[in-house]
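Asks: Submitted below is the structure of interest, expressed as structure tokens.
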Amino acid sequence: MEIPLEGAGRRLGVLLASIAAAVLVISQAGHIWLAHHWLESDDVTLMERGAALVPGDGAGWDRVGRLRQWDFVHSDLSKAIAEYQKAVQDDPRSAHYWMDLASAYEAVGDTARAQDAYARAQAVYPLSAEVAFNYGNFLLREQEYADAYKELRQAVRTDPTLLPLAISRTWRSSEDIDQLLDEVLPPDADAYLQALDFFGSAHNAQPGLAVWQRLVALGKPFPLTRTFEFLDELIREDRADDAGRVWLEALAAAGLAHEKSANGSVVWNGDFAGDLANGGLGWRWNPYLAGVTFGIDPHAAPDGGRALRLDFSGGSNIPLDSPFQYAAVEPNQSYRFHAYMRTDKITTESGPRFSITDPNHAGAVNVATDNFIGSHPWTAVEADVTTGPATHFLLVRFARTPSRLFDNKLGGTAWIADVSLLPSSASAGQPSR
């Protein structure tokens, strides 16, 4: 549309209107810039002024409220509540502002208003996992367990990443494993495995065993590695019977061979017929050990079976502690250790040998076989082992102590095969090979 500008008066009017519009725009832009500048400052008074310059925007008031609430030196909860109230007045559709207000009410002990604020947040965003999780935690603190579990269950269904926190908060609030399993955790393998991880890291195997029963009852496959942390806790707590049962059930769930040794040996996979598990009650090795490589020779054992081969580079004086395995045993029992060992050009006066100890009770068991250096054909290595009154596990290791000589670099190759640890009553009838 064309605006006729004939005459000085009309031209002046248009100019003045343009100037007024420009002044208005500049003024508004200045307000916005000033509000942003003040809100970004560290001065809470300036931040309040900045929030006041932007009416209808609750973000500024919420930010000021959080600063007042969480200032550990000059916290002012009453003023924080006032700021949060302004935030929800400006934007009552923000669940986050309602939750901030709820946390401040709870902090001053006004739990009724806190619960109302959480309910308002949930009404605004009923599908929010974050709202359900925070509301559920508030209800846990108020010991309103039934409603708390309902909220937490909804939260983890919507956002499974909240599951570890839900497990820890629920357990620490009531220490009731049945409530955790029945009312919070979804009945699926991943949820139960995460609960096992929690109880393993918390060094609390007893409730973890209840979780394990639920997991096995599902009849679903899961990776063997997911059970290693929990099995480590069973070993740490000397729960040999539980560890043996969990290990066999874990192998079955992973689709791996899970039959006990035919000769009664408590060493798992002593013939190296299966892959090295590197966890649980299987063979483990130290992946960070420099100067040695591990491998399987498929037909190298004396009986034509598989043997574990260790090649030493000759470049370092390494302390060897691998492979190793935790074996579940009985206290006050006699065992017969047997293995075959072969070496080729092992250097230094300190070669590899087998070490058998109690990992949980220092000095209870301390057995070492002969030191092998140079070259040896397949040789039977045997030792008698007697467990102590508190011994429930034995740590069987292929070990080497660093040499103290000047020319101390370890080189050469070692093989081990047919490792077994038999109760003496069973080993009496076993022929030597």
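The values are calculated or read from the model by the stated rules, or taken from the named source; none is laboratory data. The structure presented is a predicted model; accordingly, all values stated were derived computationally and were not measured. So basically every Cβ, Gly included, is an ideal-geometry build from the backbone, and we count neighbours across all protein chains shown.
Asks: Restricting the first residue to segment 327-347 and requiring it to be over 22 Å from Gly304 (Cα atoms) and in a strand (DSSP E or B), which pairs with a second residue that is modelled with pLDDT of 95 or more and acidic (Asp, Glu) meet a Cβ separation below 8 Å and a spacing of at least six or different chains?
Replies: Ala328/Asp241; Ser334/Asp384; Tyr335/Asp384; Arg336/Glu382; Arg336/Asp384
Asks: Follow-up. Those residues that are of a type in the set (A, V, I, L, M) and in contact with a Ser or Thr (Cβ under 9 Å, 6 or more places away or on another chain), I need them from segment 140-185; list them, please.
Replies: Of everything in segment 140-185, those that are of a type in the set (A, V, I, L, M) and in contact with a Ser or Thr (Cβ under 9 Å, 6 or more places away or on another chain) turn out to be Leu140, Ala148, Leu152, Ala155, Leu180, Val184, Leu185.
Asks: Pick out the one residue from Ala307, Ala301, Ala273 that is out of contact with any Ser or Thr (no Cβ under 6 Å at 6 or more places or on another chain), outside the structural domain of Thr413 (by TED's automatic domain parsing) and among the hydrophobic types (A, V, I, L, M, F, W, C).
Replies: After applying the criteria, what remains is Ala273.
Asks: Sort through Ile373, Ile346, Ile416 and tell me the only one that's in contact with an Asp or Glu (Cβ under 7 Å, 6 or more places away or on another chain) and either farther than 21 Å from Thr293 by Cβ or assigned by TED's automatic domain parsing to the domain that holds Gly304 (or both).
Replies: Residue meeting the stated conditions: Ile373.
Asks: Right, here's the next one. Taking segment 176-198 as the region of interest, how many residues are surrounded by fewer than 16 Cβ atoms within 10 Å (Cβ to Cβ), outside any helix (DSSP H, G or I) and touching a helix residue (DSSP H, G or I) at 6+ places or on another chain (Cβ under 8 Å)?
Replies: Matching residues across segment 176-198 total 3.
Asks: Filter segment 362-389 down to the residues that are closer than 24 Å to Ser403 by Cα, assigned to a loop (DSSP other than H, G, I, E, B) and among the polar types (S, T, N, Q), then identify the one that is nearest to the chain's Cα centre (by Cα).
Replies: Top of the filtered list is Thr369.
Asks: Then there is this: Are any of the residues in segment 346-357 surrounded by fewer than 16 Cβ atoms within 10 Å (Cβ to Cβ), under 31 Å from the mean Cα position of the chain (by Cα) and not basic (Lys, Arg)?
Replies: no
Asks: With the condition kept exactly as written, say whether any residue in segment 248-263 is in contact with a Ser or Thr (Cβ under 7 Å, 6 or more places away or on another chain) and either among the hydroxyl-bearing types (Ser, Thr, Tyr) or in contact (Cβ under 8 Å) with a residue 12 or more places away in the chain (or both).
Replies: Yes, some residue in segment 248-263 is in contact with a Ser or Thr (Cβ under 7 Å, 6 or more places away or on another chain) and either among the hydroxyl-bearing types (Ser, Thr, Tyr) or in contact (Cβ under 8 Å) with a residue 12 or more places away in the chain (or both).
Asks: Out of curiosity, is Ser375 surrounded by 18 or more Cβ atoms within 10 Å (Cβ to Cβ) and in contact with a Ser or Thr (Cβ under 7 Å, 6 or more places away or on another chain)?
Replies: So Ser375 fails the test.
Asks: Follow-up. Within the bounds of segment 217-225, is there any residue that is in contact with a Phe, Trp or Tyr (Cβ under 6 Å, 6 or more places away or on another chain), assigned by TED's automatic domain parsing to the domain that holds Leu165 and either hydrophobic (A, V, I, L, M, F, W, C) or at pLDDT 95 or above (or both)?
Replies: no
Asks: Looking only at segment 107-128, how many residues end up being surrounded by 19 or more Cβ atoms within 10 Å (Cβ to Cβ), under 30 Å from the mean Cα position of the chain (by Cα) and not polar (S, T, N, Q)?
Replies: Counting residues in segment 107-128 that are surrounded by 19 or more Cβ atoms within 10 Å (Cβ to Cβ), under 30 Å from the mean Cα position of the chain (by Cα) and not polar (S, T, N, Q) gives 0.
Asks: So which residues in segment 158-172 are touching a helix residue (DSSP H, G or I) at 6+ places or on another chain (Cβ under 8 Å), surrounded by fewer than 18 Cβ atoms within 10 Å (Cβ to Cβ) and in a helix (DSSP H, G or I), if there are any at all?
Replies: Across segment 158-172, the qualifying residues are Thr158, Pro160, Pro164, Leu165, Ser168.
Asks: Filtering segment 48-73 down to residues that are modelled with pLDDT under 80 and touching a Lys or Arg at 6+ places or on another chain (Cβ under 8 Å), which residue is farthest from Val88 (Cα to Cα)?
Replies: Among them, the one singled out is Ala51.
Asks: Let me ask you something else. I need the helices (runs of 4 or more DSSP H) fully contained in segment 204-316, keeping only those with at least 1 residues that are touching a Gly at 6+ places or on another chain (Cβ under 6 Å) and surrounded by 19 or more Cβ atoms within 10 Å (Cβ to Cβ).
Replies: 228-236, 240-253
Asks: When you scan segment 94-106, do you find a residue that is exposed (fewer than 14 other Cβ atoms within 10 Å of the Cβ) and more than 31 Å from the chain's Cα centre (by Cα), even just one?
Replies: No: segment 94-106 contains no residue that is exposed (fewer than 14 other Cβ atoms within 10 Å of the Cβ) and more than 31 Å from the chain's Cα centre (by Cα).
Asks: Which one is nearest to Phe354 (Cα to Cα) among residues in segment 378-402 that are touching a Leu at 6+ places or on another chain (Cβ under 9 Å) and surrounded by fewer than 18 Cβ atoms within 10 Å (Cβ to Cβ)?
Replies: Top of the filtered list is Thr401.
Asks: Within segment 63-73, can one find any residue that is under 34 Å from the mean Cα position of the chain (by Cα), under 17 Å from Glu130 (Cβ atoms), buried (at least 16 other Cβ atoms within 10 Å of the Cβ) and assigned by TED's automatic domain parsing to the domain that holds Glu144?
Replies: Looking for residues that are under 34 Å from the mean Cα position of the chain (by Cα), under 17 Å from Glu130 (Cβ atoms), buried (at least 16 other Cβ atoms within 10 Å of the Cβ) and assigned by TED's automatic domain parsing to the domain that holds Glu144, one finds at least one in segment 63-73, hence yes.
Asks: Evaluate segment 187-199: report whether one residue or more is closer than 19 Å to Ala328 by Cα and free of Cβ contacts under 8 Å to residues at least 60 places away in the same chain.
Replies: no
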